[in-house]
Amino acid sequence: MRRYDAHINVEICASVKSIKYLFKYVYKGHERANVELRQSARGEYDEIRMFLDARYVSPPEAIWQLLEFRLHGQSHTIIRLPIHLPNFQSVFFIDGHEQEALRDAAERHTMLDAYFELNRDDANARTLLYQDVPRHYVMQGGRWVPRRRGGATTIGRMCMVSPKDEGRYFLRVLLAHVPGAQSDEELRTVEGQVCATHREAALLRGLPEDDMEWAACLSEAARLQMPAQLWQLFVTILVFSEPSDPRALWEARKTDLCEDFTRHMDAEAAENAALRAIEAGLTEHGMSCRACGLPEPSTGVAEAEEMQQESNEQLGEDMRQCLNAEQRTAVDQVLAAVNGGPESQRCFFLNGPGGTGKTFVYNTLVHLVRGRGGHVLTVASTGITANVADWWAYSPLLLQDPHPSPQ
């Protein structure tokens with residue numbers, strides 16, 4: 001702020017793990033603002049009714065757009081490769097023209113169909129896996145033809161498939177490991193034996209052996225999906241795929257599975273919270289963490305409260321060490337009032353420019369008081385404020401302004 005005389009939000013990308021979060025910012029679209037003019041004597045505030053999705057163009061963005069500067073750059077071209085069973089490709093049609101769409105789909109090769117045809121016609125292509133083809137060939141007129149340029153910056157990516165879709169999932173596994181197949185039947189052929197399903201062929205090739213396939217599945221998903229989606233995927237694997245060692249899968253990926261909780265809790269409490277979420281998913285299928293060989297989550301209220309209190313105390317003390325002198329003074333005064341008698345000052349107002357750490361001070365106080373066994377009700381006058389602070393809730397009924405000013 002001292003150098004640029006402006007509040008600039010900079011996010012340090014120190015790991016590839018941050019990509020799934022940063023990616024949203026790059027493509028989130030234009031700036032928006034909530035705007036409404038109203039006259040109200042009662043001061044009522046209905047956040048849902050008042051919401052208006054509006055485009056806001058700031059002066060810096062206006063100059064940038066007028067001068068036609070680039071908003072973002074992209075170094076590589078990603079070719080998304082479809083995964084479908086024979087004659088089960090996606091078909092798009094207009095109502096009333098279904099038959100024409102079916103005829104067109106029957107005559108047109110998908111990228112996967114063209115891959116099998118390429119292997120039949122081109123011996124050089126038979127050394128390539130499906131995802132490697134776009135680096136050396138380009139799709140033109142329903143056929144893969146040799147690429148003349150751009151291969152170094154082209155990446156093929158097979159679309160993700162859930163293990164729930166068993167046929168397509170194991171088709172994807174085979175395509176990722178078996179090069180040069182000239183047909184779907186050849187892909188299902190192992191040592192001269194034509195397997196009835198892709199799963200059987202993958203098992204005969206030893207691909208899902210020792211749960212490595214499920215570990216790779218979770219690892220790939222962790223780079224793209226949020227923790228709640230990872231819980232669902234983990235439950236799906238446990239229910240439908242019967243891994244031989246679920247405990248090892250949990251230990252290998254628990255850091256990603258606990259990511260939603262580590263912000264508010266210590267490692268032990270976060271693991272327990274993630275296990276409870278997984279337990280809830282397993283219960284829908286008549287299973288449990290205990291039956292799957294996973295650690296059994298503690299569900300006792302007293303034990304959970306004690307664990308949460310210890311977590312809050314440790315987190316609060318860690319945050320306290322990060323306070324500057326002025327912030328520490330404010331925290332100490334509020335804590336003294338909490339521990340003092342009824343004659344102590346009980347109303348405080350913390351003021352400061354944006355980005356000076358007010359929310360951090362609030363959260364430090366919340367964790368410290370709760371860590372010492374106290375009960376804290378944290379409310380905010382707007383939903384945005386409640387979203388950026390730990391444990392906060394939006395409660396306009398508790399914070400109505402008794403003296404509303406004209407707007």
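Values quoted throughout were computed directly from the atomic coordinates according to the rules given, and no laboratory measurement underlies them. Everything numeric here is computed off the predicted structure, so don't read it as measured data. Methodologically, a virtual Cβ is constructed for each residue, glycine included, from the backbone with ideal geometry; neighbour enumeration extends over all protein chains shown.
Just need log10 I(q)/I(0) for the range 134-179 at q = 0.23 Å⁻¹, Debye formula, equal scatterers on the alpha-carbon atoms, no solvent, rounded to two decimals.
Normalising to I(0) and taking log10 leaves -0.87.
Sorted by packing (mean other beta-carbon atoms within 10 Å per residue), highest first, where do 211-219, 367-375 land?
211-219, 367-375
Per residue, how big is the convex hull of the range 308-376 when only Cα atoms are used? Give it in Å³.
So the per-residue hull volume is 86 Å³.
Over the Cα atoms, compute the radius of gyration (one decimal) and Dmax (the largest Cα-Cα distance, rounded to a whole number) for the range 127-274, in Å.
When restricted to the Cα atoms of the range 127-274, Rg and Dmax are 18.5, 56 Å.
Taking a quarter of the surface of the convex hull around the Cα atoms of the range 77-205, what do you get in nm²?
9.1
When 1/r is averaged over all different Cα pairs and the result inverted, which Kirkwood radius in Å belongs to the range 211-299?
12.8
From zero up to wherever the largest Cα-Cα distance of the range 69-110 sits, split into 5 Å bins and tell me the percent of pairs in each.
5, 16, 19, 15, 10, 9, 9, 10, 5, 0
List the residues, sorted by chain then number, that are 5 or more residues from Leu81 or on another chain and whose placed amide H is less than 5 Å from its amide H.
Amide H neighbours of Leu81: Arg157, Met158, Cys159.
Using +1 at the C-beta of Lys and Arg and -1 at the C-beta of Asp and Glu, which of Phe349, Val338, Gln321 has the Cα lying farthest in the positive direction of the dipole of the range 308-376?
Final value for the positive-end residue is Phe349.
How do 71-80, 104-113 rank on mean C-beta neighbours within 10 Å, highest first?
104-113, 71-80
Sum up the charges of everything whose Cβ sits under 12 Å from the Cβ of Asp165, counting Lys and Arg as +1 and Asp and Glu as -1, but leave Asp165 out.
Residues close to Asp165 contribute a combined charge of +3.
Where Lys and Arg each count +1 and Asp and Glu each count -1, what net charge lies around Asn119 among other residues with Cβ under 10 Å from its Cβ?
-2
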